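*Asks:* After the structure tokens below, expect a handful of questions from me.
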Amino acid sequence: MSATPTRPDRIAVLVSGRGSNLQAILDAIDTGTLPARIVGVFSDKPSAAALERVEPALRWSASPKDYASREAFDAALGDAIEATQPDWIVCAGYLRILCDAFVERFQGRLLNIHPSLLPKYPGLRTHARAIADGEAEHGASVHFVIPELDAGAVVAQARVPVRPGDDADALAARVLEVEHPLLLAVLRLAVAGRLAERGTTTTLDGHALFTPLLLDSAGALRAPGANGPV
Ligand code: GRF
């Protein structure tokens, strides 16, 4: 008798702040809409509100200032993550740049949610920059992490309009509303074993995705131009 293959459903989450994306994952697991388990929540900010969202046994945090170097902190973080044997590691509001050795250690199972329509606006202050440039549209992207900041293969995006009179906070709130369903939709593909990173390309069911999937108004992901959800 052959063993039943296990689903890649063990998720580690990296956080630095309030953790609304983490909460969306927890809620989806609770309501049975994301068949996954959180194996650990990791933070570079021991006071992060996000940590309070999970039981203490799942929390790991440390202050980078207590380590000799960026590499030493990321090595300790990486060891703690590896001990939980995650299939996927999700940066959900993790505000510290990861060093190359960390990214290479986990490459292929390291995802990030970023509040812009990458490749536009990598880095910080994305909402204010989009408004200053007069963009009509803004949004969020989930991408594989590579050593270059916010430059990995984009899996999926969600778009929102920029409205007249928007300030950065108003636009950030509109983007955050689509971030949660976007992240959940990508994680559903990930834990179903449908998603992979091949070089600088995302694959879905083994086929290269040449343009990111798009979140529709029903919270489903579609390939641009396709009739049905993926
Ligand atoms: C989100 O906008 C995410 O895209 C960005 O940081 C924010 C985190 O929000 N990377 P939260 O901590 O998940 O509420």
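*Asks:* To the nearest 0.05, what FRET efficiency results for Thr33 and Ser69 with a Förster distance of 41 Å applied to their C-beta separation?
*Replies:* 0.50
*Asks:* Using Cβ counts within 10 Å as a stand-in for footprinting exposure, how do His207, His138, His114 rank, fewest first?
*Replies:* Sorted ascending by nearby Cβ count, the order is His207, His114, His138.
*Asks:* Using +1 at the Cβ of each Lys and Arg and -1 at the Cβ of each Asp and Glu in the chain, identify which of Gly199, Gln85, Pro224 lies farthest towards the dipole's positive end.
*Replies:* Pro224
*Asks:* Separate question: Sorted by mean Cβ packing within 10 Å, highest first, what order do the peptides 85-92, 72-79 take?
*Replies:* Averaged packing, sorted descending, gives the order 85-92, 72-79.
*Asks:* List, in order, the whole-Hz ³J(HN,Hα) value for each residue of the range 137-144 obtained from phi through the Karplus relation with A = 6.51, B = -1.76, C = 1.60 and θ = phi - 60°; use x for Gly and Pro.
*Replies:* Calculated HN-Hα couplings, in order: 9, 9, x, 9, 9, 10, 9, 5 Hz.
*Asks:* Just name one of Ala153, Leu215, Ala12: the one whose Cα is farthest towards the positive end of the charge dipole of the chain (beta-carbon charges, Lys/Arg +1, Asp/Glu -1).
*Replies:* Of the options given, the answer is Leu215.
*Asks:* Taking a cut-off of 22 Å, what percent of all Cα-Cα pairs in the range 9-222 are separated by more than that?
*Replies:* 48 percent
*Asks:* Something else: Can you run phi through the Karplus equation (6.51, -1.76, 1.60; θ = phi - 60°) for the range 115-124 and list ³J(HN,Hα) in whole Hz, with x for Gly and Pro?
*Replies:* x, 6, 8, 4, x, 6, 6, x, x, 9
*Asks:* Dipole of the range 9-222, Cα-centred, from +1 at each Lys and Arg C-beta and -1 at each Asp and Glu C-beta, to the nearest 20 debye?
*Replies:* Charge dipole, the range 9-222, about its Cα centre: 120 debye, nearest 20.
*Asks:* Still on this structure, please answer the following. Given R₀ = 30 Å, FRET efficiency for Ile97-Ala57 by Cβ-Cβ distance, to 0.05?
*Replies:* Plugging the Cβ-Cβ distance into 1/(1 + (r/R0)^6) gives 0.60.
*Asks:* Provide the FRET efficiency to the nearest 0.05 for the Ala128-Ala49 pair, computing r from the beta carbons and using R0 = 22 Å.
*Replies:* 0.45
*Asks:* Counting only DSSP beta bridges with both residues in the chain, what percent are antiparallel, rounded to the nearest 5?
*Replies:* Of the beta bridges lying entirely in the chain, close to 55 percent run antiparallel.
*Asks:* Using only Cα atoms, locate the centre of the range 205-219 and the centre of the range 64-91, then give the distance between them in Å, rounded to an integer.
*Replies:* With the range 205-219 and the range 64-91 each reduced to a Cα centre, they are spaced 30 Å.
*Asks:* To continue, here is another question. Quick query: amide H of Ala156 versus all other amide H atoms, modeled in the peptide plane; which residues come in under 5 Å with a sequence gap of 5 or more or a different chain?
*Replies:* The list, which skips near neighbours in sequence, is Val142, Leu213.
Only the coordinates and a few stated rules stand behind these numbers; no lab work does. Just so we're clear, the structure is a prediction, and the values are computed from it rather than from any experiment. Glycine gets a Cβ as well: all are built from the backbone with ideal geometry, and neighbour counts include every protein chain shown.
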